[in-house]
Amino acid sequence: MSGLFSHITTELQALLFTVPVILLAIICHECAHGWVSYKLGDPTAKNAGRLY
């Protein structure tokens, strides 16, 4: 039974480290979309307050 608990703990630790990194990567990726659009002449994201 302790082997199962150890496995669950390891998986939980992996999730606690992975999820914030993935969320940050998604946010940066989407901001890059808005920035590139703005640089190419589409001010929609800037006008909506998504770029500062």
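Observations
- Here H7 meets the list (1) within 19 Å of the chain's Cα centre (by Cα); (2) at pLDDT below 95 almost entirely, failing just condition (1).
- Against the criterion of being surrounded by 11 or more Cβ atoms within 10 Å (Cβ to Cβ) and acidic (D, E), E11 does not qualify.
- Residues (surrounded by 10 or more Cβ atoms within 10 Å (Cβ to Cβ), aliphatic (A, V, I, L, M) and over 10 Å from the mean Cα position of the chain (by Cα)) located in segment 16-52: A32, V36, A45, L51
The values are calculated or read from the model by the stated rules, or taken from the named source; none is laboratory data. On a predicted model such as this, the values are computed, not experimentally measured, just so you know. Note that we place each Cβ from the backbone using ideal geometry, even for glycine, and neighbour counts take in every protein chain shown.
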